[in-house]
Amino acid sequence: MADLGRAALVVSLGLSLYALAVGGYAAATNRRRLAFSARNALFCAFGSTLIAAAVLAVALVRHDFSFQYVAAHTNRTLPTQYALSAFWGGQEGSLLLWLLILTGYGALAVALNRTLLRDLVAWVVPVLGGIATFFAFVLVAVASPFDTQTAPVDGAGLTPSLQNPYMVAHPPMLYLGYVGLSIPFAFAAGALLSGRTDERWIVATRRWTLAAWMFLGFGQLLGSHWAYVEVGWGGYYAWDPVENAALMPWLAATAFLHSVMIQERKGMLKVWNMVLVALAFELSVFGTFLTRSGVVNSIHSFAKSPIGSWFLAFVVISSLFSVALILWRLPLLKARTKLESALSREAVFLYNNLLLVALSLTILWGVIFPIVTQLFKGESRTIGRPYYDFFLRSFGLPLLLLMGIGPLIAWRRTSVRALARVLALPAAAALASGVLLVVAGAGSSRPGLIAYTFSSFVLATIIVELVRGTRATGSLFALVSRNRRRYGGYVVHAAVVLLAIGIAGSSAYGSSTERRLTTGESMKVNGYTLTLRGIVHPPNQNATETRAVFDVHGRWNGTIMSGDNQYRNPPEPSREVGIKTDWLRAEDLYVIADDINTKTGVIYVKVLVKPLVNLIWIAGIVFLFGSLVALWPDAREQRRLVTRLAPARA
């Protein structure tokens with residue numbers, strides 16, 4: 001089986017290299033039959049990679065410990081779903097998943113566009129082949145998941161914190177997003193190489209970009225919820241370098257999705273869009289470098305490995321390739337029109353783009369700062385949470401405001417008077433909500449109050465747009481059906497508002513208390529009284545469980561437990577928090593019990609009350625729904641697409 005897996009990867013490497021070399025030659029010399037051959041090689045590379053993935057999956061499920069990878073990440077008692085999740089729980093398996101998704105995405109994207117965009121696709125194939133060649137080479141020559149050994153009696157097992165349902169879904173979601181950004185990058189590079197720099201490549205990859213953006217965003221929210229319930233530190237996002245590695249390409253892709261609308265409608269920002277799509281792709285690969293190189297400290301990263309230098313080289317080479325292509329084709333990227341007014345929808349989108357990119361680059365600097373200081377000063381200095389929180393407020397709050405202004409302002413130009421007229425109702429709603437919040441006592445946090453006020457403004461804008469559109473069409477369903485992309489975007493905007501309210505509420509208005517307790521003692525926090533009843537040891541086959549039991553009185557009455565598990569295989573501890581969600585009051589009671597002394601009955605406990613935190617998880621569901629609405633095929637849009645791309649077919 002291991003030999004079959006290795007052979008399949010070698011075949012994938014050969015086919016990817018063929019797609020790169022022969023595909024590039026065929027596109028440059030206009031050899032159509034060779035171009036078809038290179039395209040077929042890309043299709044077959046997906047098939048051979050699928051065989052390799054199937055071999056590893058079977059080995060994991062069968063607990064075949066003759067595979068070093070299987071022995072390092074599973075054991076015999078591991079449930080099947082977590083044995084399969086070990087596929088992406090280790091370095092080599094996650095790289096194989098990347099290659100599998102890349103070749104699958106690439107084959108499907110090329111197949112769907114092979115007739116409408118034949119001249120452009122001829123160049124897309126070698127670009128995808130080049131990316132696949134790199135990953136296949138790493139899997140064959142540097143980090144193979146098919147190395148073998150004499151099979152031990154049992155494996156080392158999976159890290160306890162990864163034995164969680166969210167870890168079954170969270171990493172694949174991120175990979176679908178990371179790798180999905182390769183498709184718009186390949187089509188953008190193909191457009192530059194072929195000289196076809198009009199909007200066809202954008203139209204052809206619109207849904208690919210939106211799907212990758214959706215997977216990346218939803219995957220991050222799944223990971224945040226995993227951290228909240230499993231890691232046990234009381235939060236959902238710690239500005240960890242690997243968390244940031246997923247956020248940065250998502251921000252760049254968000255900017256790209258907004259700016260392409262200006263290019264499609266006005267023929268502007270061609271150079272900027274090429275830069276954004278390249279930036280999103282490079283940041284996704286850079287995130288993989290951070291995860292696998294060991295150059296940053298993170299609970300998410302793998303151990304130090306020589307694989308990091310290969311990824312760094314790939315980031316540098318692909319970045320230079322992107323810059324060279326854009327500079328080469330600058331004369332073809334000149335805009336047909338120019339920005340006519342600072343008060344226009346185009347201008348608002350541009351402001352939105354600048355803020356998103358500024359936030360992404362600010363986070364990037366925070367991530368690489370320890371690496372830079374280590375390189376030049378010989379000591380690693382980290383940037384703490386206050387740095388990130390400051391720039392999140394500085395860039396995030398204006399972004400929230402622009403999200404409400406953008407849908408109401410006119411294209412090309414508008415007057416101050418006209419703008420004031422269309423913004424009057426949302427502004428009045430925002431002002432009223434701000435006054436009510438101050439009266440209710442929510443004025444203690446200025447950033448929180450601003451976030452709530454701006455959120456009210458955006459929600460009022462969305463409602464105004466939906467009411468106007470429904471009056472014009474007579475039906476909300478008909479309104480959304482006629483322009484799913486636009487109104488799906490509004491739903492996504494509503495999700496961002498919920499996210500902003502949840503973040504502001506949980507961070508600005510939450511409370512926290514720490515105490516040392518013995519059995520029978522009590523502590524109070526924000527309307528709750530917790531009394532330590534005692535310490536228990538629930539039965540568990542693979543771990544020694546220790547739980548502190550608390551009686552809770554106040555806004556909610558009941559019992560809550562918190563403690564830790566000491567696992568036997570692998571011999572690692574795992575913190576187990578107690579969370580009680582009060583949906584009526586929209587808050588969580590979050591209990592962390594540490595240093596439990598079973599002999600003396602003494603524990604150290606931290607209790608947090610986190611208002612509105614569950615709006616963050618609800619925002620994830622709304623975000624997914626809005627993205628799916630925008631992604632859903634639209635017959636009229638497809639007819640416009642065929643008409644628009646008719647010259648390419650000819």
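The numbers here are math on the coordinates, done by the rules we state, and not lab data. Only a predicted model underlies this, so the values are computations on that prediction, with no experimental measurement involved. Heads up, the Cβs are rebuilt from the backbone with ideal geometry, glycines too, and the neighbour counts pull from every protein chain shown.
General observations
- The stretch 561-614 and the stretch 461-482 have their alpha-carbon centroids 46 Å apart.
- The trypsin sites (Lys or Arg not before Pro) found in the stretch 382-452 that occupy coil by DSSP, while having at most 16 further C-beta atoms within 10 Å, are Arg412, Arg413.
- Gap separating the Cα centres of the stretch 375-425 and the stretch 243-275, nearest whole Å: 15 Å
- Given charges at Cβ of Lys, Arg, Asp, Glu: the chain dipole, positive-most of Gly488, Ala212, Ser94: Gly488
- In summary, the helical segments of the chain meeting the span-like criteria, namely a full DSSP H run, a Cα extent along the axis of 27 angstrom or more and a mean Kyte-Doolittle hydropathy of at least 0.5, are 2-29, 32-61, 91-113, 118-137, 270-293, 307-328, 345-377, 385-405, 416-439, 446-473, 484-508.
- From its DSSP helices (H runs of at least four residues, each -39,500 (n - 2.57)), the chain gives a residue-normalised ellipticity at 222 nm of -21500 deg cm²/dmol.
- For the stretch 511-611, relative contact order (Cα pairs under 8 Å, six or more residues apart, normalised by length) works out to 27 percent.
- 30 Å Cα-Cα reach of Lys610 towards lysines, excluding residues that sit fewer than 8 places from it in its own chain: Lys524, Lys580
- Global form of the chain, assessed from the alpha-carbon gyration tensor, a/c cut-off 1.5: oblate
- Förster radius 41 Å - calculated FRET efficiency between Gln374 and Asn557 (Cβ-Cβ, nearest 0.05): 0.20
- Debye log10 I(q)/I(0) for the stretch 511-611, one point scatterer per Cα, at q = 0.16 Å⁻¹: -0.66
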